[in-house]
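Trainee: This is the structure I have questions about; it appears just below.
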Amino acid sequence: MKNTFGNNVSITLFGESHGEAIGAVVDGLPAGIAVDEGFIASQLTLRRPVGAISTPRAEKDAFTIVSGCFNGKTTGTPLCIIIPNENTQSKDYSATYGKARPGHADFTAFSKYNGCEDYRGGGHFSGRVTAGLVAAGAVAIDLLKKKNIFIGTHILNCGGVNDVEFKDYENEIKAISTKAFSVIDDSAGEQMIKKIKAAATEGDSVGGVLQTAVVGLPVGVGEPWFDSLEGVISHGLFSIPGIKGVEFGIGFGCAQLLGSEMNDEYYYDNGTVKTATNNNGGINGGISNGMPVLFNCAVKPTPSIAKEQNTIDFVNDENTTLATRGRHDPCIVHRARVVVDSITALAVCDMLSQKFGTDWLGEG
């Protein structure tokens with residue numbers, strides 16, 4: 001039973017939605033990396049609820065770094081960040097214990113942990129646990145910026161409304177980096193928000209697609225076969241609650257093309273190797289080719305909805321119905337965006353360490 005991701009730079013998540021605290025331990029960071037607590041706080045803000053399109057549960061996310069940092073820099077030992085849970089309403093879940101919420105991990109968690117799991121608010125399976133991931137990821141994102149590697153995610157589609165795709169990568173990443181609702185085209189964002197609010201009014205929810213770009217990654221990062229760059233990133237992405245699909249470049253769209261249409265033709269631009277298109281998403285043979293790494297994530301509609309649904313009572317072995325009560329998001333896409341950035345940064349740090357050694361990530 002493991003909760004750790006990564007080989008050279010690794011992250012371990014701990015805590016439950018309604019427990020005393022959640023958090024993360026990052027191991028493998030070199031000593032001497034500046035830890036910007038203000039930036040960590042700003043990243044956590046991007047994960048917090050946003051008005052009527054999010055859950056009413058509001059946490060301060062007042063984190064504490066309890067190890068691995070001294071005088072504002074990493075010490076080289078495990079970096080441990082703890083975030084208290086302060087706004088819980090556990091009674092919302094005690095009355096429905098044993099009823100499997102459709103789309104949730106209630107039944108599978110009960111089966112895996114023999115009924116010993118903390119079921120309140122989804123326990124360790126809750127999206128609340130991603131706050132620890134975001135706090136740890138902020139350190140990795142900040143570190144990569146100093147290596148001129150930038151990561152950004154925008155909402156490509158939500159509720160059937162499309163944003164424009166990445167084009168001017170680096171400038172667009174900077175433009176969306178502080179937006180609470182991360183879209184390139186703000187008018188598209190306004191339409192998406194209307195769709196979310198309409199679903200919430202009906203006691204329902206919506207999903208969407210996130211598009212992520214990694215710019216500035218050196219050529220040659222990644223391994224063939226089992227530690228391919230897209231394989232490691234995908235491993236991290238599928239750990240995020242609600243992610244049900246990942247595609248790199250044009251993904252499934254490649255199945256409709258001829259080889260002559262799919263192939264990214266190479267050319268030199270002032271001595272730098274580039275490709276005319278980026279259908280492969282910046283990766284060939286599992287290894288970065290110097291173009292922006294580009295991928296999309298499908299985020300399912302929030303499973304906690306007010307509509308009555310058929311389900312089972314797995315404690316009493318009987319069929320029943322359930323309408324989810326409590327405080328829930330009608331959409332998690334806008335909050336998941338910073339979580340995707342965070343796990344991507346940690347995966348990239350891990351792969352960079354595999355190629356260049358952990359000390360390459362250090363400053364100076």
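Trainee: If you take the residues in region 79-96 that are surrounded by 17 or more Cβ atoms within 10 Å (Cβ to Cβ) and assigned to a loop (DSSP other than H, G, I, E, B), which one is modelled with the highest pLDDT?
Mentor: 85
Trainee: Okay, next question. For region 305-364, which positions are in contact with a His (Cβ under 9 Å, 6 or more places away or on another chain), over 30 Å from residue 74 (Cβ atoms) and of a type outside the set (S, T, N, Q)?
Mentor: Across region 305-364, the qualifying residues are 305, 306.
Trainee: Among the residues of region 300-339, count how many are assigned to a strand (DSSP E or B) and not aliphatic (A, V, I, L, M). First the steps, then the outcome.
Mentor: Of the residues in region 300-339, the ones assigned to a strand (DSSP E or B) are 309-313, 318-322.
With the extra rule that they be not aliphatic (A, V, I, L, M), the set shrinks to 309-311, 313, 318-321.
Residues that pass the stated criteria total 8.
Trainee: Here is a further query. Of everything in region 221-244, what is under 27 Å from residue 276 (Cβ atoms) and in contact with a strand residue (DSSP E or B) (Cβ under 6 Å, 6 or more places away or on another chain)? Give them in sequence order.
Mentor: Selection gives 221, 222, 229, 230, 234.
Trainee: Mind counting the residues in region 46-78 that are in a helix (DSSP H, G or I) and either in contact (Cβ under 8 Å) with a residue 60 or more places away in the chain or crowded, with 18+ Cβ neighbours inside 10 Å (or both)? Steps first, answer last, please.
Mentor: Filtering region 46-78 down to residues in a helix (DSSP H, G or I) leaves 46-47, 51-53.
Still in the running and either in contact (Cβ under 8 Å) with a residue 60 or more places away in the chain or crowded, with 18+ Cβ neighbours inside 10 Å (or both): 46-47, 52-53.
Adding up the residues that qualify gives 4.
Trainee: Just to be sure before I move on: is residue 287 out of contact with any strand residue (DSSP E or B) (no Cβ under 8 Å at 6 or more places or on another chain) and closer than 29 Å to residue 13 by Cα in the structure I sent?
Mentor: Working: out of contact with any strand residue (DSSP E or B) (no Cβ under 8 Å at 6 or more places or on another chain): yes; closer than 29 Å to residue 13 by Cα: yes.
Considered against the rule, which asks whether it is out of contact with any strand residue (DSSP E or B) (no Cβ under 8 Å at 6 or more places or on another chain) and closer than 29 Å to residue 13 by Cα, residue 287 comes out as yes.
Trainee: While we're on this one: List the pairs whose first member sits in region 5-16 and is under 19 Å from residue 84 (Cα atoms), whose second member is in a loop (DSSP other than H, G, I, E, B), and whose Cβ atoms are under 6 Å apart, counting only residues at least 6 apart or on separate chains?
Mentor: 12/3; 13/3; 16/118
Trainee: Output the residues belonging to region 35-64 that are modelled with pLDDT of 95 or more, hydrophobic (A, V, I, L, M, F, W, C) and in contact with a strand residue (DSSP E or B) (Cβ under 7 Å, 6 or more places away or on another chain).
Mentor: 35, 63
Trainee: Next question, about the same structure. Among the listed residues 199, 135, which satisfies the condition of being touching a residue at least 60 places away in the same chain (Cβ under 8 Å), more than 20 Å from the chain's Cα centre (by Cα) and either under 30 Å from residue 362 (Cβ atoms) or outside any loop (DSSP other than H, G, I, E, B) (or both)?
Mentor: Values: 135 fails: more than 20 Å from the chain's Cα centre (by Cα).
Of 199, 135, the one residue that is touching a residue at least 60 places away in the same chain (Cβ under 8 Å), more than 20 Å from the chain's Cα centre (by Cα) and either under 30 Å from residue 362 (Cβ atoms) or outside any loop (DSSP other than H, G, I, E, B) (or both) is 199.
Trainee: Considering only region 341-364, how many residues are surrounded by fewer than 24 Cβ atoms within 10 Å (Cβ to Cβ) and either under 21 Å from residue 58 (Cα atoms) or among the hydroxyl-bearing types (Ser, Thr, Tyr) (or both)?
Mentor: Number satisfying all stated conditions: 2.
Trainee: Determine whether region 350-362 contains at least one residue that is farther than 15 Å from residue 128 by Cα and not in a helix (DSSP H, G or I). Quick ask: steps written out before the conclusion?
Mentor: Of all residues in region 350-362, those farther than 15 Å from residue 128 by Cα come to 350-362.
Imposing the further condition that a residue be not in a helix (DSSP H, G or I) reduces the set to 357, 362.
Yes, there is a match, as at least one residue in region 350-362 is farther than 15 Å from residue 128 by Cα and not in a helix (DSSP H, G or I).
Trainee: Kindly indicate whether residue 325 is among the charged types (D, E, K, R), under 30 Å from residue 96 (Cα atoms) and surrounded by 17 or more Cβ atoms within 10 Å (Cβ to Cβ).
Mentor: no
Trainee: List the number of the failed condition for residue 252; all other conditions in (1) under 16 Å from residue 294 (Cα atoms); (2) surrounded by 20 or more Cβ atoms within 10 Å (Cβ to Cβ) hold.
Mentor: Residue 252 satisfies all of (1) under 16 Å from residue 294 (Cα atoms); (2) surrounded by 20 or more Cβ atoms within 10 Å (Cβ to Cβ) except (2).
Trainee: Also, I was wondering about something else. Return the only residue of 278, 296 being touching a residue at least 60 places away in the same chain (Cβ under 8 Å) and crowded, with 20+ Cβ neighbours inside 10 Å. Give the steps one after another, and end with the answer.
Mentor: Details: 278 fails: touching a residue at least 60 places away in the same chain (Cβ under 8 Å).
Going through 278, 296 in turn, the sole match is 296.
The values are calculated or read from the model by the stated rules, or taken from the named source; none is laboratory data. Everything numeric here is computed off the predicted structure, so don't read it as measured data. Glycine gets a Cβ as well: all are built from the backbone with ideal geometry, and neighbour counts include every protein chain shown.
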